[in-house]
Each structure stands twice: as structure tokens, then as C-alpha cells.
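All remarks here apply to the structure that follows.
The values are calculated or read from the model by the stated rules, or taken from the named source; none is laboratory data. This one's a predicted model, so the numbers in the text were calculated from it and none came from an experiment. Neighbour counts run over all protein chains shown; Cβ positions are idealised from the backbone, glycine included.
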Amino acid sequence: MTDVIVVGAGPTGLTLACELALAGVDTVVLERLPHRIRQTKGGAIQPRTQELLELRGLLEPMRARAMSHEPLGGHFALLPVPLDCTVWDTAHPHVLSLPQWEIEEVLEERAAGLGVKVLRDAPVTSVDESDHGVTVTASGRRLEARHLVACDGAHSTVRKLLGVPFPGRPGTFTAVLADVRLASASDLVPTEQGHISTLTREAEDGWGMLLPLGGDRYRFTGGRMDGEEPAKEEPVTLQEIAGLLRHVYGEQTVPAEVENASRFSDATRQIDNYRAGRVFFAGDAAHIHPPYGGQGLNLGIQDAFNLGWKLAAVLRGDASANLLDTYHTERHPAGAWVLHITQAQRVFAAPRPSADVVELREVFTGLMRLPETNRHLAGLMSGLSHAYDLPGTHPLTGHRVPGLDPTLFHSGGAVLLDTAGILPPDLGAVPAQPMSGLPGAVLVRPDGYAAWAADTEPDLDLLTTDACRPLLGRS
């Protein structure tokens, strides 16, 4: 019996596998696809996710693969005012762009180095749970584990096998995402990357966005506006892509090849509980939403960083099983908020807006130019403003801790920092230089959030609570 089976070798599943293996948890990843799909999708790594990846030494190898372009601000609903994260205390104020498959390659290489087994061409066909563990059948092979985590996407097989409802609203449109090579291009086709508001075009019969990838390669996103949308399950054809490009970018824009393509919708759904006994749900298996602002991949990776250290602490015996319930308590509201803000963006970003929506866009665009509004939206979209409701009296408790030395967290454990020399030596605190925004002492969880903090007279009794005790065991 292994400790944990992770179903799905996407960014969420592989991040979780890395976190578990780093903590010494025996982990197996099951992936239904025989090979990774090399499609340029889901590749916007937001500032908060970059901070988390840096804590594990994973950011630099991703930076080495990133697309080269001028630093660009984020966006809200495609509106023409860049979101400015430089006003937040972060070393990574700009979105990092690289194809999702390259993110997965970096994560899988790290996971393999930590001893994780990734079994491909292994679709799950049954899941049976008992008081002692979970038994999974994949490609006729039976595997047993103490816990299972479903990271197998929006159409999660695990979720369906267990009969877990996926409430929400269906999509109002379908659209195409494709990597294409152009045989010829009109003057309407962009030659360099820019803010997303400058790349989106609307025409009488459709809408589209071409993102230059270098040479004649582009990532195309688009759809029809005449009510003739193909079903989401219908394969994307070269003829369909050619028609959309012609309508939006003119007769001179002709695709030579469609390297790969898929469809997506703006459906919005979230499961009611991220835990079902010994089974957990993360990433798109737990929540889906309109693809505005590059939120999905980041939300899933942050799910993994939250669940990984908790599951490891319980499996090692450092924490009671009650700690696992905090995964849902903390991450379900985070997912619900992303669903909330992406649905709001649907109103602004919808093609062919009504006259009232056009006026609303103008008003909101003006508001986005106000520093306070821009900072607020930038914090939401980047994840930098997200916080957890944790027990404690200090204002930093539950918030991300800025200015961390990432090397202190490469082992995956919590760190107790003492910047003012106010903690007893037997606590094993790490002396640190005073930093702007940091209190005299702070207990930082493995996912970079403050579990406890104090300025001058620390209440050491709080360090013995259930929220802190498992962390001190690994600091």
C-alpha cells in the first residue's frame, strides 16, 4: 500500500506529488493520457504562484523556459487598463508566461527526482473506499493507498465514480483554443505580444485573439457570435480555424497547420466539499470557471500547496486527522471567490455587448485608473491579497508573508523566524534580519502564510494550539 495516489498529471497533480514526496510521503501519480499534450494553454503564472514556486526552488527552471517579452500588467475582463502589482510587496510583480506542458515538464522532473512514480496510459475505472484506505483500478491494475487526491480535471473520472455532485451553471458559449502556424497574415495580425486588451478583435461573425509565439506560430483563441457554435465535444478542424481567422483577421490570414486544438466554455461549477472521506479534490476537479485573467492553473497549484503539507503532517503522525478538514475550510472560499470575480468579468468581456454594458465598461475602465481600485483588483487577480481566517491576534496571521528567504523553505517545512530576538532559544527559531512588513517573530507555514506572529511580547501559548503545533514539529 502506498501513502497517496494522485489522479492526474497536470500542474495541480504534479505540484501536489512534489510536495508530498518532499515530505517523505510515498506517492504514485496516475495519468490517463499516454503522452503529454504540447498545447500552449494555461501558461500564465500569477505573482502569488511564483512566490510559492520560488519557495521550493521551482521558479528558476520555469523562468528559463518562459516566453520572452516586455513585462506586462495583468488584466480584468480584457479592459484596457493594465493591473499593476508593483505596488504590492512582491519580488514577482509580473505574470510569467510559458506553455502549460513546459510547466508540467519542470514539475514532473522534480517529482521523479523525489521518487514519485508517474504511471501514464492509466485511466481510472473504479475507486473503492474503506475505513483503512482507497483501492483504485487503472488499466486493469489495482493499487491501494491511504488517501487519494483527484486532480483529474473538469471532467474528473474520480468525481463521477464517487457520485460527487458538481453544482453550478452550464456554459453560455464554447470557444476554440489552438496552436496554429500561419501561411499568410494580414496587417491586422499582431507581430509582438502586448497587453491582452490590444490583442482581442471582434468581427461581424466572430471574435478572436492571436498571441505571437515566435516565427509563424500563434496561439489562437476565438469563437463565433452567430449562434452556430459547435458542441464542446466536436473535434476542432482546420476548416473551422480558417473560417474564424478569415472572419476576424481578413482573407489574407490563412492557417498552414493546426498543431493541436481544444474547446472550452465559460461554465462555472464547484463541488460542495473538497473532501469525501479519504478522497480529496483539487484543481479543476473541484472547481471550474470562465477563463478570464489566467486564474485556473494558479488556483489549482495553490490548492496543492495547501493540501500537501497538511496531508503529509497527518500521514507522518505529526498532526491529528482534523487538520485535513482545514483544506476544505481554507480552499473552498478561495475557489468560490475566483468563481465570483470571473463571473463578474463575463459581463464586461462578452462579445457584442449591449449599449448598457458598453457604458458600464467605460465607467469601470475609469475606476480602474484610480490607484486604489487598480491595487485592489491587482491583488485579487494575482492572488497577492488572498488570506486565510486563522486563529491569532496579530494582523499578519493568515496572510502571505512578504520578503521571505526562499532557501529556508526548500525542504518543504515551516519556519519560525525571529527578527527581534524575542523568542526562547529552545523553540528553534531562525534568526533573521529585520525586514519591512515583518513583525518581531512569525511562524510561517510551508505555503508561505503566517500561522502565528508577534511584535514585542509574544504569546507563546498560541504556539501550542492545533494550528501551530504540527508546524513546530517540522520547523
Q.
Among the numbered criteria (1) within 19 Å of Ile37 (Cα to Cα); (2) surrounded by fewer than 18 Cβ atoms within 10 Å (Cβ to Cβ); (3) of a type outside the set (A, V, I, L, M, F, W, C), which one does Glu102 miss?
A. (2)
Q: Determine which single condition Asn273 fails, assuming it passes every other condition in (1) under 30 Å from Ala9 (Cα atoms); (2) assigned to a loop (DSSP other than H, G, I, E, B); (3) outside the structural domain of Leu78 (by TED's automatic domain parsing).
A: (3)
Q | Members of the range 174-188 that are surrounded by 16 or more Cβ atoms within 10 Å (Cβ to Cβ) and either under 23 Å from the mean Cα position of the chain (by Cα) or charged (D, E, K, R) (or both) | A | Thr174, Ala175, Val176, Leu177, Ala178, Asp179
Q.
Looking for something within 24 Å of Leu210 (Cα to Cα) and among the aromatic types (Phe, Trp, Tyr) - is there at least one such residue anywhere in the range 78-88?
A. no
Q: Could you tell me whether any residue of the range 151-166 is hydroxyl-bearing (Ser, Thr, Tyr) and part of a helix (DSSP H, G or I)?
A: yes
(Q) Can you find a residue that is assigned to a helix (DSSP H, G or I) and modelled with pLDDT under 95 anywhere in the range 230-237? (A) no
Q) Does Leu463 satisfy being over 30 Å from Gln345 (Cβ atoms), aliphatic (A, V, I, L, M), without any contact (Cβ under 8 Å) to a residue 60 or more places away in the chain and part of a helix (DSSP H, G or I)? A) yes
(Q) List pairs: first residue in the range 424-441 and under 11 Å from Leu463 (Cβ atoms) and assigned to a loop (DSSP other than H, G, I, E, B), second residue at pLDDT 85 or above and among the acidic types (Asp, Glu) anywhere in the structure, Cβ distance under 8 angstrom, at least six positions apart or on different chains. (A) Ala429/Asp418
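Please return the ranges of helices (runs of 4 or more DSSP H) entirely within the range 1-101 where 2 or more residues are touching a Phe, Trp or Tyr at 6+ places or on another chain (Cβ under 9 Å). I'd like the intermediate steps shown before the answer.
Values: elements: 11-22, 47-55, 59-63.
Fully inside the range 1-101 and qualifying: 11-22, 47-55.
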Q | Filter pass, Val279 being over 30 Å from Val415 (Cβ atoms), over 19 Å from the mean Cα position of the chain (by Cα) and either of a type in the set (Lys, Arg) or assigned by TED's automatic domain parsing to the domain that holds Thr49 (or both) | A | yes
Q. Can we say Glu251 is out of contact with any helix residue (DSSP H, G or I) (no Cβ under 8 Å at 6 or more places or on another chain), in contact (Cβ under 8 Å) with a residue 40 or more places away in the chain and either over 28 Å from Leu107 (Cβ atoms) or not in a loop (DSSP other than H, G, I, E, B) (or both)?
A. yes
Q) Considering only the range 26-46, how many residues are more than 30 Å from Val258 (Cα to Cα) and buried (at least 24 other Cβ atoms within 10 Å of the Cβ)? A) 2
Q: Answer with yes or no whether Arg141 is modelled with pLDDT of 95 or more and either more than 21 Å from the chain's Cα centre (by Cα) or not aliphatic (A, V, I, L, M) (or both).
A: no
Q. On the given criteria, is Thr191 more than 22 Å from His94 (Cβ to Cβ), surrounded by fewer than 14 Cβ atoms within 10 Å (Cβ to Cβ) and at pLDDT below 95?
A. no
Q) Quick one: is Ser97 assigned by TED's automatic domain parsing to the domain that holds Asn298 and either over 21 Å from Ile45 (Cβ atoms) or in contact with a Lys or Arg (Cβ under 9 Å, 6 or more places away or on another chain) (or both)? A) no
Q | Selection count, the range 203-224, where residues are surrounded by 16 or more Cβ atoms within 10 Å (Cβ to Cβ) and touching a strand residue (DSSP E or B) at 6+ places or on another chain (Cβ under 8 Å) | A | 15
Q. How do the helices (runs of 4 or more DSSP H) wholly within the range 295-389 filter down when requiring 3 or more residues that are acidic (Asp, Glu), loosely packed, with under 14 Cβ neighbours inside 10 Å and without any contact (Cβ under 8 Å) to a residue 40 or more places away in the chain: which remain?
A. 355-368
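Within the range 60-67, does at least one residue satisfy the condition of being surrounded by 19 or more Cβ atoms within 10 Å (Cβ to Cβ), in the same structural domain as Gly43 (by TED's automatic domain parsing), at pLDDT 95 or above and farther than 23 Å from Ala350 by Cα? Give the steps one after another, and end with the answer.
In the first step, residues of the range 60-67 are kept if they are surrounded by 19 or more Cβ atoms within 10 Å (Cβ to Cβ); the result is 62.
Now restrict to residues that are in the same structural domain as Gly43 (by TED's automatic domain parsing): 62.
Those left that are additionally at pLDDT 95 or above: 62.
Still in the list and also farther than 23 Å from Ala350 by Cα: 62.
So far as the range 60-67 goes, yes, one or more of its residues are surrounded by 19 or more Cβ atoms within 10 Å (Cβ to Cβ), in the same structural domain as Gly43 (by TED's automatic domain parsing), at pLDDT 95 or above and farther than 23 Å from Ala350 by Cα.
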Q | Of all residues in the range 439-468 being surrounded by 14 or more Cβ atoms within 10 Å (Cβ to Cβ) and at pLDDT below 85, the one that is farthest from Gly398 (Cα to Cα) | A | Leu462
Q) Does Gly277 satisfy the condition of being within 15 Å of Gly335 (Cβ to Cβ) and of a type outside the set (Phe, Trp, Tyr)? A) no
Q | Residue satisfying all of: in the range 85-96; surrounded by fewer than 18 Cβ atoms within 10 Å (Cβ to Cβ) and touching a residue at least 12 places away in the same chain (Cβ under 8 Å); nearest to Ser436 (Cα to Cα) among these | A | Asp89
